[in-house]
Amino acid sequence: MAPLVSVVIPTKNRPRLVGRAVASALSQEGPSVEVVLVDDGSDPEAAAVVEEVGRSDPRIRHVRNEVSIGNPASRNRGFEEASGELWCTLDDDDELTPGRLRAQVAAITGAPDVIAVAGVELRWIGREALVQLPKIGADPVRLDGDRDPFERLSPRLFLNTYLVPAELMRTVDGYDPVLRWGEHTDLFLRLQKVARFVGIGMVGTIVHRDAAPGPARQAWDRKVVGVSRILDKHRDVFERNPELRAIWLDGLGMAELRTGRRGDARRTFREALKANPRRTRILRHLVAATTHTESILCRGRAERVPA
């Protein structure tokens, strides 16, 4: 008998972390669960550990990309292998909380166009954890008409916190494989056009931000690509809310500064000011980029455009 829920977990070269993620999915009580474990081209030593994890439980379906294709494309490959009626994802350094899937299944049973979104807890070493819960309740609502689609459902609340009917995910063709930053936000913006949402008033996913940080330059390069692509793909969303567009353009400008694209950053900050002239912090960022003081600016805490 096919499982009700498929949990897709991509992993690459993090053998000490992936076991916790897999265990948190398999220990869910209530709905039947399978884990689709996608090894995205790990080195031989790490790949051997992932393969061993894949053999540890008959509910695990282990697949391997011989050449790395990235997390978004690996999630899509996991969906191709999944056999459940409902799908969700989990990063290899994070974990599902007990009772999450049972609560989500109960919220969307019999509703083929409804996605259940739980809360998220972001954890850092040496810092207080941040908890965010959905600002929507148990009655399904549409968000595509909202001036700001993130007001009731922050992009952080799509960091592996959703449970979606498989057919809905197929309708939007899964993740954008080009994106290596912001892929969850892009998925949410596409799903909101075809789905209704319910909120689950509990933390469903624990995200370990410090588990395996990558090179800073690479992360900012990915953010430049991600923010630019999201702004372009979802122009309708940002055109109906200039203030939101200004925030995202400001975030893009800061990412461009951090990667040495000073000229691009100046142009982006000017565009952000045009979208919202009253936002004085953008003017400060433009002045810093123009006067070559961006190194001081970048050491400060820039406003966060959600991943």
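Overview of values
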item	result
GNM top mover of 118, 48, 107 - the chain, alpha-carbon springs below 10 Å	48
Square roots of 5 times each gyration tensor eigenvalue, C-alpha, segment 83-178, largest first, Å	22, 17, 15
Per-residue SASA entry for residue 233, accessible area with 1.4 Å probe, Å² rounded to 10	80
Equivalent ellipsoid dimensions for segment 23-126 as semi-axes, Å, which come from the Cα gyration tensor, largest first	25, 17, 14
About the Cα centre, charge dipole magnitude for the chain (Lys/Arg +1, Asp/Glu -1 at Cβ), debye	1520
Equivalent ellipsoid semi-axes - Cα gyration tensor, the chain, angstrom	34, 23, 16
Added length on full extension, which subtracts the Cα-Cα distance from 0.36 nm per residue, residue 26 to residue 52	7.8 nm
Cα-based shape type of segment 165-240, given that a ≥ b ≥ c are square roots of the gyration tensor eigenvalues and the cut on a/c is 1.5	oblate
Nearby aspartates and glutamates by direct alpha-carbon distance to residue 193 (threshold 15 angstrom, same-chain neighbours under 8 apart not counted)	113, 144, 146, 148, 167, 173, 236
Kirkwood hydrodynamic radius over Cα pairs of segment 137-267, then Stokes diffusion coefficient at 20 °C and 1.002 mPa s, in µm²/s	133
Probe 1.4 Å, accessible area per residue of segment 185-283, Å²	44
Lys/Arg +1, Asp/Glu -1 at C-beta; segment 129-265 dipole; positive extreme among 218, 179, 241	218
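The values are calculated or read from the model by the stated rules, or taken from the named source; none is laboratory data. Nothing here was measured: the structure is a model prediction, and the numbers come from that model. Heads up, the Cβs are rebuilt from the backbone with ideal geometry, glycines too, and the neighbour counts pull from every protein chain shown. Just the protein is used for accessible areas: all its heavy atoms, side chains included, with ligands, DNA and RNA removed. Shrake-Rupley method; radii C 1.70, N 1.55, O 1.52, S 1.80 Å.
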